[in-house]
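These notes are about the structure you will find just below.
Just so you know, all these numbers are worked out from the coordinates, no wet-lab data involved. These numbers were taken from a predicted model, which means no experiment stands behind them. So basically every Cβ, Gly included, is an ideal-geometry build from the backbone, and we count neighbours across all protein chains shown.
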Amino acid sequence: MNKGSHAERLNHLPERESSDLDRETALKLFKDMTLGRRFEDKCAEMYYRGKMFGFVHLYNGQEAVSSGVIGAMKLKHDWFCSTYRDHVHALSAGVPAKEVMSELFGKETGCSKGRGGSMHLFSKEHHLLGGYAFIGEGIPVALGSAFTSRYKKDALKDETSDSVTAAFFGDGTCNNGQFFECLNMAQLWKLPIIFVVENNKWAIGMAHDRATSDPEIWKKANAFGMKGEEVDGMNVLAVREATQRAIQRARSGEGPTLLECLTYRFRGHSLADPDELRSEEEKDFWAKRDPIKGLEKVIKEKKLISNEELKSIEKEIDKEVNEAVDFALNANDPDPTELTKYIWAD
Amino acid sequence: MAGTLLFNALRDAIDEEMAKDPHVCVMGEDVGQYGGSYKVTKDLYEKYGELRVLDTPIAENSFTGMAVGAAMTGLRPIVEGMNMGFLLLAFNQISNNMGMLRYTSGGNFTIPTVVRGPGGVGRQLGAEHSQRLEAYFHAVPGIKIVACSTPTNAKGLMKAAIRDNNPVLFFEHVLLYNLSEELPKGDYICALDQADIVKEGKDITILTYSRMRHHCLKALEQLDSKGIDAELIDLISLKPFDLETISKSIKKTHKVIIVEECMKTGGIGAELIALINENCFDELDSRPVRLSSQDIPTPYNGKLENLTIIQPHQIVETAEQMITQGL
């Protein structure tokens, strides 16, 4: 393996203690990550059975990032902004599985009323600013949400305004202008935002180190005088703790943080990707660091949840996912007479 | 009472709306301390502070996207394009997010934003600063497009745009900022979707917008002296078109000329003619005519620049031909 490679960087991260994990948190994270995994596996099945269409990008392998970041934030208070790989962020933010599944089936009961699809999941109720399908375009939107938070506090003198926005995006996005422009503005105005890079090494078929002059993305924060952190993105507890530090900074007015989470997607870029470029050796390295298995190991070591209980949680989640599929299958398509509904606001 | 200059009419509109609603804010290049490159936001920074009148770095796509996010979470931002041409750099945010997001989100979010600034061919500003982006943005779903042309409609339209819950692209013209006019008293608005019948007439309909309204007015004087009674309509709303007013006029005159400053190919007039043919074909006594700018980058040389855009005499000649020769 190349020195300084993606995997090498993960191996060189310092060992961390997870002594403060309590049962309640362990349960929440395990449930959220398992839901993310099982939901995505079901999506692959439904896609191949011809129940969902278009481009579908699955999140398998990256669950520690969604659960670690969103799980550390206040639901329906803080804001979340995602990409085309947005199903699991939506679930972590609390959008019901049946609403996400319905959207993927193009149904009226979907969180975007069947008008958005896999890459355009939205939920105002759950503060999901959306899935954004083009690279980088969600970051300015997330910046705007963070701006509103500061505006309400400082221009409208609303002392309760302390929401933080998490903007998720990948390594490929970090070569795009909107990334740099928004880092600059966020730090300039000390906006309460966390830039969460899910560095899974591959921008479709472009390896990260072939696309960028310095692969260590977290260091780019330095250029803006911003706090940057490199995080084990396969370890939900490490992600959670780094997020808690970033939230602390954001809520206390110290401004943004750039978190680079080293992670890996276990599937191809999308379900249409033949995935021909990634080596078996590389896939094995990351499969051994499966974030859900990693959390299970800690749970067992600390005897926080019994094996039986973990199994029954998995069963519950499978039931929830199956119910979401049934719900979506039986839901109505959007009314054809409402084709142009939602273009204009009153 | 002294007249109000157009840029001050816009400024008054923004000031009054900001005073009334604390969620209204301005963002863009040099809108704050500098007061805007055409002084449309003069002194508002001092009055409302640095967050409500936000000086941004030169990052058009990102600050436009920031306005989208701010609008989704409760603010009502006005984005200034220092020159509307710069918004080519924000095309993605305007199209994908301002325009389409309400629909793709299934109505989850609304985007109450105004994107405003100077467009049009000025005096020898060169090709990049002389663009007419209204045509480029015309196909984007979910955005309203308006063009102001007098101090009175500038103020009334700006107030309506700020209050509208949809994204509005608001075109000002770089050569109209110093027009002066006495404004109506009090808090008035002009409907965003209504054309303005500038002068009633029975012989021919002239449809125009923005600075070309004033070229048409010059042409009207000459037509009048030739005994031609033209009806002049300022479209105001470029999207959607006020088809009702347009149809009514064509039913009366049976002839129509479109005078526009955008280029002919893919222009506002192209869409307008299609619409007229679809809706008023049987009313037409002669083919509809477009008088548009040349399909070229606006040249720097003043004489060439004048040749690029339509001049009043061309409007007169065309109207005369249509009426006397039935062309």
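Given points 7 Å out from each Cα along the Cα-Cβ axis, report the A:ASP158 to A:GLU338 separation in nanometres with one decimal. The modelled label-to-label distance comes out at 2.9 nm. Beta bridges from DSSP with both residues in the protein assembly as shown: antiparallel share about 15 percent, rounded to the nearest 5. The three principal axes of the Cα atoms in the range A:142-256 give end-to-end lengths of 47, 31, 23 Å, sorted in falling order. Would you please give the FRET efficiency between A:ALA272 and B:LYS264, computed as 1/(1 + (r/R0)^6) with r the Cβ-Cβ distance and R0 = 60 Å, to the nearest 0.05? That pair, A:ALA272 with B:LYS264, gives E of 0.90. Projecting label points 7 angstrom from Cα along Cα→Cβ for A:ASP209 and B:GLU221 puts them 7.4 nm apart. Ranked for footprinting exposure by Cβ neighbours inside 10 Å, fewest first, A:SER252, A:SER145 give A:SER252, A:SER145.
Using the average count of surrounding beta-carbon atoms within 10 Å as a protection proxy, the listed peptides A:220-226, A:271-277, B:232-238, B:244-250 rank, highest first, as B:232-238, B:244-250, A:220-226, A:271-277.
Legend: calculated FRET efficiency, B:LEU88 to A:GLU8, from the Cβ-Cβ distance at R0 = 45 Å, rounded to 0.05, equals 0.60.
Legend: ranking of residues A:GLU280, A:GLU316 from fewest to most surrounding C-beta atoms inside 10 Å; resulting order A:GLU280, A:GLU316. Sorting the Cα pairs of the protein assembly as shown by distance into bins of 20 Å, from 0 upward, gives 18, 44, 28, 9, 1 percent per bin.
Annotation: amide H-H contacts under 5 Å for B:THR4 (H modelled 1.01 Å from N, sequence separation of 5 or more, or interchain): B:GLU181, B:GLU182, B:LEU183. The share of Cα pairs per 10 Å bin across the range B:1-69, counted from zero up to the longest distance, runs 21, 50, 25, 3, 0 percent.
Here the residues A:LYS341, B:LYS155, ranked from fewest to most Cβ neighbours within 10 Å of their Cβ, fall in the order A:LYS341, B:LYS155. Considering all C-alpha pairs of the range B:188-323, those separated by over 17 Å amount to 57%.
Label separation (A:LYS303 vs A:ASP346): 6.1 nm, computed from points 7 Å beyond Cα along the C-beta direction.
Computed over every Cα-Cα pair of chain A and binned at 20 Å starting from 0, the pair-distance distribution P(r) comes out as 31, 60, 9 percent. Note on chain B: GNM, Cα springs under 10 Å; of B:VAL289, B:VAL198, B:VAL24, the largest mean-square fluctuation is that of B:VAL198.
Spatial offset of the range B:111-137 relative to the range A:35-58 amounts to 44 Å, using the alpha carbon center of each.
A quarter of the convex hull surface defined by the alpha-carbon atoms of chain B gives 16.7 nm² as the mean projection. Dividing the summed helix terms, -39500 (n - 2.57) for each DSSP H run of n ≥ 4, by the number of residues in chain A produces a 222 nm estimate of -13500 deg cm²/dmol to the nearest 500. Note on chain B: helix-only mean residue ellipticity at 222 nm, from DSSP H runs of 4+ residues weighted -39500 (n - 2.57) and normalised by residue number, equals -10000 deg cm²/dmol. Computed 3J(HN,Hα) for the range B:120-126, one whole-Hz value per residue from the Karplus formula 6.51 cos²θ - 1.76 cosθ + 1.60 where θ = phi - 60°, is x, 7, x, 10, 6, 8, x, glycine and proline marked x.
The Kirkwood radius of the range B:247-327, taken over pairs of alpha-carbon atoms, gives through the Stokes-Einstein law at 10 °C and 1.306 mPa s a diffusion coefficient of 117 µm² s⁻¹.
Note on A:PHE53/B:GLN311: beta-carbon distance plugged into 1/(1 + (r/R0)^6) with R0 of 45 Å gives a FRET efficiency of 0.25. Once the Cα-Cα distance is subtracted from the 0.36 nm per residue extended length, the B:ASP21 to B:GLU320 segment shows a gain of 102.6 nm.
The length gained on full extension between A:ASN322 and A:LYS283, counted as 0.36 nm times the residue separation minus their Cα-Cα distance, comes to 11.2 nm. Normalising by residue count, the range A:1-113 has a Cα convex hull of 144 Å³ per residue.
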